[in-house]
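Just so it is clear, none of the values below were taken in a lab; they were calculated from the coordinates. All of these numbers come straight from a predicted model, not from anything done at the bench. Here the Cβ positions follow ideal geometry from the backbone for every residue, glycine too, while neighbour counts run over all protein chains shown.
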Amino acid sequence: MGKERTKVNTERQRQRYSREFKLEAVRLLELGQKPAAQLALELGMRRNQLYKWQKELSAKDDQAFRGSGRKPLDQQSDVERLKAELKRVTEERDILKKAAAYFAKELG
């Protein structure tokens, strides 16, 4: 079928940074008091990550670094919202079908 993937370094965990940390790191980068390489070394991260955060902040502004959680209902797109509603209604229909079949068997 396919090759099984194995992790190269199973003990290494992905580092997660808070929104505040990212904003402060970009602010320090933009101040320009230290070279990006030195700043990244002091923060314990890669230099290119600083540049990625800077680019994301300039592109999205307030929407940058929102996290990976579920979006609030008012921010979900109509398609996402409708897909979730369809899934819920389909599950309800299936349950009702099974219940109707069960009661029909009991009465008949």
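Of all residues in segment 6-36, count the ones that are part of a loop (DSSP other than H, G, I, E, B) and acidic (Asp, Glu). Working first, answer last.
Quick first cut of segment 6-36, residues part of a loop (DSSP other than H, G, I, E, B) only: 6-18, 32-35.
With acidic (Asp, Glu) added as a condition, the list becomes 11.
Summing the residues that are part of a loop (DSSP other than H, G, I, E, B) and acidic (Asp, Glu) in segment 6-36 gives 1.
The number of residues in segment 37-51 that are surrounded by fewer than 13 Cβ atoms within 10 Å (Cβ to Cβ) and assigned to a helix (DSSP H, G or I) comes to 4.
Against the conditions (1) surrounded by fewer than 16 Cβ atoms within 10 Å (Cβ to Cβ); (2) free of Cβ contacts under 8 Å to residues at least 24 places away in the same chain; (3) of a type outside the set (Ser, Thr, Tyr), where does Arg19 fall short? Just the number, please. Evaluating Arg19 over (1) surrounded by fewer than 16 Cβ atoms within 10 Å (Cβ to Cβ); (2) free of Cβ contacts under 8 Å to residues at least 24 places away in the same chain; (3) of a type outside the set (Ser, Thr, Tyr) leaves (2) as the failure.
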